[in-house]
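Working notes, structure below.
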Amino acid sequence: MKPAFTIPVPILIVDDLPENLIALEAVLRRDGLEFIKASSGTEALEILLKTEVALALLDVQMPEMDGFELAETMRGSERTRRIPIIFLTAGVTDRSRRFRGYEAGAVDFLEKPLEADILRSKVAVFSELYVQRRQIAVQRDNLKTFAEENLRLLKDSRDNAQALKEADVRKDEFLATLAHELRNPLAPIRNGLQILRMSPEGPRAEAVRGMMDRQLTHLVRLIDDLLDVSRVSRGRIDLRKERMRLQDAVQAAIETSKPLIDANTHSFTLDMPDTALWVEGDLTRLAQVISNLLNNAAKYTSEGGDIHLNVKAHDGQVDIEVIDNGLGIEADMLPRVFDLFAQADRHLDRSQGGLGIGLALVSKLVEMHGGTSRAFSDGSGTGSTFTVSLPLVDEAGGAIGKPLQKASKTAHPLNVLIVDDNVDSAQTSLWMLDLIGHKATVAHEGAKALEIARDLLPDVILLDIGMPGMDGYEVCRALRQMPETQHKVLIAQTGWGQESDRQKAFAAGFDHHITKPVSLDLLTQLLADIAEPKASPTHTAQAGEPTHG
C-alpha cells in the first residue's frame with residue numbers, strides 16, 4: 001500500500017457538470033488528497049485567489065469561461081501561473097487548440113472517457129512534486145531561522161557570523177539544486193513514453209524501456225536524497241556499489257545530458273571501446289558524475305561548440321575525459337574549480353536553470369569510488385578538459401570482461417506467498433514470479449496471510465509493511481512465533497527504504513529488505529540465492545539477519 005502524503009495535497013477540479021465532479025473525486029480519492037471543486041471558471045478563479053493548489057484538472061467545454069480561457073487567466077497571474085494544468089476533454093482536440101492549451105500552461109490533455117489508472121498516476125506525480133516543494137520551503141525556512149538566530153547571538157564575532165551565513169546560503173543553494181536536478185531524468189522518460197505510445201512494439205521499444213528504467217532509477221535515487229536533506233547536507237551519501245559495466249553509466253549520462261547539449265546546438269562525439277570496462281561502482285552516482293561533466297561543458301560552451309567524451313583504459317584504470325572548446329578556466333581558478341559553487345560564482349551570466357551540484361559533487365563521488373578528478377585549461381577562451389580516473393576491477397574483484405551472472409529463471413522453483421493489500425501490486429508481483437519460474441499465492445491482509453502460511457508452508461513470504469489492521473511487522477512477528485513458519489524466509493517489500501527502515505525490518509524478524517519499485521533482476525537474483533541452499537545446503541539465514549538490502 002502506498003503511504004498517505006505527509007501533508008495535505010489540494011487538487012482543484014473544475015467542471016460545469018456536478019456528476020463529473022463527483023466521479024472524478026471518487027476515482028482519485030486517496031489519503032492525503034484534498035479535492036476543491038468548482039462548477040465554473042469564475043468560481044475557480046475566486047478559489048485560486050484564496051487557496052494554493054498542487055494541480056488543476058480543467059474541463060475544456062464550459063459555458064461563459066471555457067477551460068482554455070481559465071488557463072490563460074491563471075497564466076496571467078503571478079500567484080497561479082506555475083500551477084500545472086491537465087485538460088479533460090470530451091472530444092478530439094485539434095493541433096491549434098492543443099497548442100493554445102500548452103501555451104496557457106497545460107502539462108497534458110486527457111480525453112473522456114478517462115482511463116482511471118492513467119489519471120491517478122499523473123495526479124500522483126504532481127502531488128509528490130507539490131509535497132517536495134513544500135518540504136523544501138519548510139527546510140529553507142528552518143535553515144534561515146537557524147542562521148538568523150545564530151547571527152544575532154554571534155553578532156560580536158564577525159568572522160563566525162560570516163561563516164554561518166555562508167553555510168546557510170550553501171544549504172539553500174544545495175536544496176534548490178537538488179530540486180532542479182530532479183527534472184533532468186524526466187525528459188528522456190517522457191520522450192520514451194511518447195515513442196512507446198506511437199510504436200509500442202517497434203524496433204526501438206526494448207532499448208527505450210531499458211533507458212526509461214535507468215532514468216527512473218536515477219530519479220528515485222535523487223528523490224531519496226531530497227527526502228533526507230540533513231543526511232546529504234552533511235555529506236553522508238551512501239553508495240550502492242556493485243560490479244558493473246562503465247559503459248552503462250556513460251549511456252545513462254548521455255541520455256540525461258543530451259537534451260541540454262542539443263538545445264545549445266553543440267556537436268557531440270563519443271569515443272568509447274566496445275569491450276566491457278568493469279568497475280566496482282554505483283551506477284546511478286557514476287552516471288551523475290559523467291552527466292555533471294557533460295552539463296558543465298554544455299553550459300560553459302558557446303552555441304555550436306564542440307564537446308567530446310572519451311573513455312580510455314590503461315594501466316588498470318579507466319579515464320573518462322570531457323573536452324570542450326568553451327569559456328575555459330583561468331590559471332588562478334584551476335586549483336578551486338572543484339570547490340562547491342566556485343564556477344557558478346564566476347559565470348552567473350552563463351547560468352542555465354540553476355547553480356548545479358556540479359564539479360564539487362563530481363569530486364566527492366569520484367573520491368568515494370577510489371578515483372581522482374582533475375581539470376586542465378590553457379586559460380580563458382581556450383576550452384577545458386575534465387578527467388575522471390577510476391580503478392578497473394581486477395581478478396580479486398572479478399575477472400575483467402566476465403559478465404555478471406544472472407540467475408536462471410527456472411532453477412529450483414520456490415513456493416512464494418505474496419502479502420500485500422494493494423491488489424495491483426500483489427498481482428504484478430505474482431506475474432513477475434511466474435515469469436521467473438516460481439509458484440506464487442496471494443493474500444491481501446495479515447490475518448488471512450497467517451492462515452494461508454500455516455496451511456501452504458511456503459518457502460518464501462514476500463510481505464508488504466504498510467497494511468491496514470495488522471501491518472507487516474506484526475505479521476512477521478506472528479510468523480516467527482508459529483512453529484510451521486518460524487524458519488521460513490521472510491522478505492520485507494516496502495516503499496520505505498531508509499537505513500532506519502531496514503534496521504526496523506531486521507529487528508522485527510525479516511531476513512531481507514527490498515524497496516519498491518522492485519526490479520525483476522533483483523528479485524530473480526534474490527530468490528535464486530535463497531533457492532541455492534535447497535540444492536546444496538550450506539547456510540540458513542537466521543531470523544533478522546541483514547543478509548540482503
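The values are calculated or read from the model by the stated rules, or taken from the named source; none is laboratory data. This structure is a prediction, so every number in the text was calculated from the model and none was measured. Here the Cβ is made from the backbone with ideal geometry for all residues, glycine too, and neighbour counts use every protein chain on show. Ligands, DNA and RNA are stripped out before the accessible areas are found, and what is left, the full protein with its side chains, is counted by its heavy atoms. Shrake-Rupley method; radii C 1.70, N 1.55, O 1.52, S 1.80 Å.
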Give me the pairs, please: first residue somewhere in the stretch 469-498 and under 15 Å from Asp511 (Cα atoms), second residue anywhere and charged (D, E, K, R) and in a strand (DSSP E or B), beta-carbon distance under 6 Å, and either six or more positions apart or on two chains. Gly472/Asp464; Gln493/Asp464
Residue pairs, Cβ under 8 Å, 6 or more apart or interchain, first in the stretch 236-248 and part of a helix (DSSP H, G or I) and of a type outside the set (A, V, I, L, M), second modelled with pLDDT under 90 and open to solvent by less than 100 Å² (accessible area, probe 1.4 Å). List them. Asp248/Arg214
Residue within the stretch 149-158 that is at pLDDT 80 or above and either buried (at least 16 other Cβ atoms within 10 Å of the Cβ) or more than 15 Å from the chain's Cα centre (by Cα) (or both) present: no
Name every residue in the stretch 356-379 that is of a type in the set (Asp, Glu) and either within 15 Å of Thr284 (Cα to Cα) or modelled with pLDDT under 90 (or both), in order of residue number. Glu367
Among Glu46, Glu72, Glu115, which is the only one that is loosely packed, with under 14 Cβ neighbours inside 10 Å, at pLDDT below 90 and more than 17 Å from Tyr130 (Cα to Cα)? Glu115
So the check is Cβ under 6 Å with 6+ separation or different chains; which pairs have a first residue in the stretch 291-304 that's among the hydroxyl-bearing types (Ser, Thr, Tyr) and a second one that's assigned to a helix (DSSP H, G or I)? Ser291/Ala253; Ser291/Thr256; Ser291/Ser257; Tyr300/Arg350
Would the stretch 264-283 turn up any residue that is at pLDDT below 80 and open to solvent by less than 70 Å² (accessible area, probe 1.4 Å)? no
If you check Pro188 against the conditions, is it closer than 26 Å to Phe126 by Cβ, open to solvent by less than 40 Å² (accessible area, probe 1.4 Å) and at pLDDT 70 or above? yes
In the stretch 490-515, what count of residues is obtained for those that are open to solvent by 30 Å² or more (accessible area, probe 1.4 Å) and either in contact with a strand residue (DSSP E or B) (Cβ under 6 Å, 6 or more places away or on another chain) or of a type in the set (Phe, Trp, Tyr) (or both)? 3
Check the stretch 477-494 and report whether any residue there is in contact with a helix residue (DSSP H, G or I) (Cβ under 9 Å, 6 or more places away or on another chain) and either modelled with pLDDT under 90 or closer than 23 Å to Asp117 by Cβ (or both). yes
Which of the following residues is touching a Leu at 6+ places or on another chain (Cβ under 7 Å), among the hydroxyl-bearing types (Ser, Thr, Tyr) and open to solvent by less than 80 Å² (accessible area, probe 1.4 Å): Thr80, Thr89, Thr51? Thr80
Of all residues in the stretch 467-489, how many are more than 19 Å from Leu414 (Cβ to Cβ), open to solvent by 70 Å² or more (accessible area, probe 1.4 Å) and part of a loop (DSSP other than H, G, I, E, B)? 3
For Ala56, all conditions in the list (1) within 30 Å of Asp94 (Cβ to Cβ); (2) touching a Lys or Arg at 6+ places or on another chain (Cβ under 9 Å); (3) among the hydrophobic types (A, V, I, L, M, F, W, C) hold save one; what is the number of the exception? (2)
For Pro546: the one exception among (1) modelled with pLDDT of 80 or more; (2) surrounded by fewer than 20 Cβ atoms within 10 Å (Cβ to Cβ); (3) in contact with a strand residue (DSSP E or B) (Cβ under 9 Å, 6 or more places away or on another chain): (1)
Filtering the stretch 125-135 for residues that are farther than 13 Å from Pro84 by Cβ and open to solvent by 20 Å² or more (accessible area, probe 1.4 Å) leaves a count of 2
Among Phe146, Phe174, the single one that is modelled with pLDDT under 80, touching a helix residue (DSSP H, G or I) at 6+ places or on another chain (Cβ under 9 Å), open to solvent by 80 Å² or more (accessible area, probe 1.4 Å) and over 30 Å from Glu34 (Cβ atoms) is Phe146
Residues in the stretch 71-88: is at least one under 30 Å from Met470 (Cα atoms), β-branched (Val, Ile, Thr) and touching a residue at least 12 places away in the same chain (Cβ under 8 Å)? no
